[in-house]
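A.B. asks: Here it is, the structure, as C-alpha cells.
The numbers here are math on the coordinates, done by the rules we state, and not lab data. Just so it is clear, the model here is predicted, and its values are computed rather than measured. As a convention, Cβ positions derive from the backbone with ideal geometry for all residues, glycine included, and neighbour counts pool all protein chains shown.
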C-alpha cells in the first residue's frame, strides 16, 4: 500500500558491540499513526495507517523485530475503499571479520499482506541482504534482494546501499539504489530505476536528530527495508521529499514527527497526483 511510515527504530545493531545473550536484551515497543491526503487524484481520497513494532536487541550485532500495521485507503466516489493488514518479521546478525576490518552480516525479512486488493492479497514478500560495517561504524554497505510474487505481476527488486559518517560523526548519509524488474508490463513499465538519499544531522547527540530525504527516478511495487514498507498498488512513484524530527524525551521515551510528499503516475487512467503524509510516532525502551 502506498504510504509512508517513518523508521521507528534507528538500526543500532549496525554499529558494532560485543554484548551477548547472557546480558538482558533491550526491548523497544513503538506505535505510529500516519495520515495521507491525496491531491488531484482521480481515484484516491485519503489514507490512514496504524502501526505497532516490537524489537528485541540482545546486543549491537543482532536483533529481531515484529511489526503489524492496519491500513485504510479511502477512495473517491465510484471507487471501492481498500483495507489491508501487513504482518512482518525482520532479523539481523553480524560477526566481526578481521580480514575486512569490520563486521559482515545478513538480514532476512518476511512481510505478509492480507488485502482487499485482489491482485496483491495473500502475498508473502521475502527480503534478504548481505551487509558490511566498518569497525569504527563510519561505513555501511549492503546488497539486497526482495521478491514479490503477486497475482499480477511477479516482481524482483535489487538494491545497493552506502552509508557513511560525516562531519566527525555529527551526521550520517545513506544512499540506496533501486532496480525493480517486472515479469510483465505494468503501467507501461518493465524495469524501473531510482536512487534515494537520506541525510541525518545529530543536532544534540542522543537527544535531537533532524533528517532530510528524497527519491529521484521511478519505483513500482517497491519494498523499503528501512521502514518495512510494501508499496503494493500499481502506480509509478515519480519522486519524493521529506523530513523527520526525532527527540529523546527521556532515556526510555522517544517521540518522532515526519512529513513526506510523494508524486505518482497512473498510466492506465492518465492520473498524475501527489500525496502529503504526516506521521507521529512514540517509542518506549524497556
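A.B. asks: For a quick check, take a GNM of the chain with Cα springs below 10 Å and name the residue from 45, 206, 271 with the largest mean-square fluctuation.
C.D. replies: It is 206.
A.B. asks: Between the alpha-carbon centers of segment 206-244 and segment 75-125, tell me the distance in whole angstrom.
C.D. replies: 14 Å
A.B. asks: Order of 143, 215 from fewest to most other C-beta atoms within 10 Å?
C.D. replies: Starting with the residue having the fewest Cβ neighbours, the order is 143, 215.
A.B. asks: Over the chain, with a Gaussian network built from C-alpha contacts below 10 Å, which listed residue (47, 220, 269) shows the highest mean-square fluctuation?
C.D. replies: For the chain, modelled as a Gaussian network with Cα springs under 10 Å, the answer is 269.
A.B. asks: Turning to a different aspect of this structure: With 5 Å bins from zero, work out the P(r) of segment 57-216 over every alpha carbon pair and list the percent per bin.
C.D. replies: 2, 7, 12, 14, 18, 18, 12, 8, 5, 2, 1, 0, 0
A.B. asks: Can you quote the Å³ per residue value for the convex hull of the Cα atoms in segment 146-286, rounded to an integer? Please list the in-between numbers first.
C.D. replies: Working: hull volume 16.8 nm³, N = 141.
Value for segment 146-286: 119 Å³ per residue.
A.B. asks: Another question, then. Starting from the Kirkwood Rh over alpha-carbon pairs, what translational D in µm² s⁻¹ does segment 12-285 have by Stokes-Einstein at 4 °C and 1.567 mPa s?
C.D. replies: 66 µm²/s
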